[in-house]
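The values are calculated or read from the model by the stated rules, or taken from the named source; none is laboratory data. Predicted, not measured: the structure shown is a model, and the values here were computed from it. Positions of Cβ are generated from backbone atoms using ideal geometry, with glycine treated the same way; all protein chains shown enter the neighbour counts. Heavy atoms of the whole protein, side chains included, go into the accessibility calculation; ligands, DNA and RNA do not. Shrake-Rupley method; radii C 1.70, N 1.55, O 1.52, S 1.80 Å.
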Amino acid sequence: MAGTLYVVATPLGNLGDLSPRAAETLARVATVAAEDTRHSKPLLQHAGSRAGLISFHAHSTETELQRVVTLLAGGQDVAFITDAGTPGISDPGSRLVAAARARGIPVVTIPGPTAVAAALAVAGLAADRYLFLGFLPRKGGDRTRLLETIAASEWTVVLFEAPNRAAELLAALAVACGGDRRGAVARELTKVFEETRDGTLAELAAYFTEAPARGEVTIVVAGTGKPAPVEPSVPDPEAFARGLLAEGHTRRDVADRLAEAAGISRKVAYKLVNEL
């Protein structure tokens with residue numbers, strides 16, 4: 001019988017946030033797969049765990065992945081933890097979970113801290129719907145595309161960034177979204193020097209340029225509050241409609257297909273088709 005993979009959320013910094021269930025799980029399993037074994041030793045000591053520690057992180061090889069899966073397949077329970085927060089959020093958790101599920105191995109979540117929810121809770125920005133983008137690429141077309149996505153997002157956006165690049169990202173966000181867009185920077189959440197600073201993106205970029213961020217950084221950017229405009233995919237709606245009519249489609253069918261393809265209302269589409 002296969003063991004169980006426990007995906008265990010761990011404190012962002014304050015050991016008091018380790019849940020009793022998480023502590024019990026870490027103390028009970030035979031093995032803990034950790035992003036950084038040296039970093040995780042104090043946590044296991046705090047939980048009273050004597051589990052064996054093995055390394056599993058973003059750069060682990062397929063052989064190292066299969067080592068964990070083999071333990072599970074052999075009947076051993078394994079807890080997977082990352083340096084902080086919930087595994088699978090901007091770290092290699094999904095890769096391990098997918099491999100376990102492919103072998104029919106049970107996977108159980110032990111929920112708890114996550115910097116995404118923690119930062120949203122104290123940012124003072126709308127959090128009923130949000131877009132999480134994790135770490136942006138450092139340069140290139142993908143970075144530009146994602147900055148444009150943030151600028152157009154109807155909803156609040158949450159990002160992670162290394163402290164030494166936080167000011168640079170805030171400046172780029174101010175350019176993409178407009179300097180007056182609201183935002184917040186939460187750093188060192190749950191730790192002694194926890195700080196959450198809100199303001200416009202221009203103000204935040206200026207502040208963190210003068211006082212570089214330290215510790216783990218989560219950036220929250222306000223959304224536009226309105227849907228992004230739909231770009232029509234039909235350059236010439238009349239020609240599109242005439243082509244469908246020539247193929248023998250009914251005017252009603254043509255109008256429905258035109259509305260969907262051109263990103264216009266059905267009322268406008270019906271009017272255009274009936275005028276042809």
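Things worth noting here:
- Subset of the range 142-176 that is assigned to a helix (DSSP H, G or I) and small (G, A, S) - its residue that is nearest to G88 (Cα to Cα): A166
- Scanning the range 13-39 for residues that are in contact (Cβ under 8 Å) with a residue 40 or more places away in the chain, open to solvent by 50 Å² or more (accessible area, probe 1.4 Å) and under 24 Å from the mean Cα position of the chain (by Cα) returns N14, D17, E35, H39.
- From the options D36, D17, residue that is among the acidic types (D, E) and in contact with a Pro (Cβ under 8 Å, 6 or more places away or on another chain): D17
- Every condition in (1) open to solvent by less than 20 Å² (accessible area, probe 1.4 Å); (2) of a type in the set (S, T, Y); (3) modelled with pLDDT under 95 is met by S153 except one, and the failing one is (3).
- Inter-residue pairs, beta-carbon under 8 Å, first within 13 Å of D236 (Cα to Cα) and at pLDDT below 85 and in the range 249-262, second open to solvent by 40 Å² or more (accessible area, probe 1.4 Å) and not in a helix (DSSP H, G or I), 6+ apart: L258/I264; A259/S265; A261/S233; A262/P232; A262/S233
- Taken as a whole, the condition of being acidic (D, E) and free of Cβ contacts under 8 Å to residues at least 40 places away in the same chain does not apply to E161.
- Within the range 48-57, restricting attention to residues that are over 28 Å from the mean Cα position of the chain (by Cα) and within 23 Å of P111 (Cβ to Cβ), the residue that is most open to solvent (accessible area, probe 1.4 Å) is G48.
- Output for the range 58-91, where each listed residue is part of a loop (DSSP other than H, G, I, E, B), open to solvent by less than 50 Å² (accessible area, probe 1.4 Å) and either free of Cβ contacts under 8 Å to residues at least 40 places away in the same chain or over 21 Å from S19 (Cβ atoms) (or both): S60, G75
- The set of residues in the range 207-240 being among the hydrophobic types (A, V, I, L, M, F, W, C), modelled with pLDDT of 95 or more and out of contact with any strand residue (DSSP E or B) (no Cβ under 9 Å at 6 or more places or on another chain) consists of A211 alone.
- Cβ pairs under 8 Å, 6+ apart, first in the range 94-114 and within 22 Å of L18 (Cα to Cα) and in contact (Cβ under 8 Å) with a residue 12 or more places away in the chain, second open to solvent by 40 Å² or more (accessible area, probe 1.4 Å) and in a helix (DSSP H, G or I): V107/R101; I110/R21; G112/D17; P113/D17
- Number of the condition not met by V7 [criteria: (1) over 15 Å from T86 (Cα atoms); (2) open to solvent by less than 50 Å² (accessible area, probe 1.4 Å); (3) among the aliphatic types (A, V, I, L, M)]: (1)
- Residue identified as among the polar types (S, T, N, Q) and surrounded by 12 or more Cβ atoms within 10 Å (Cβ to Cβ) among T209, T250: T209
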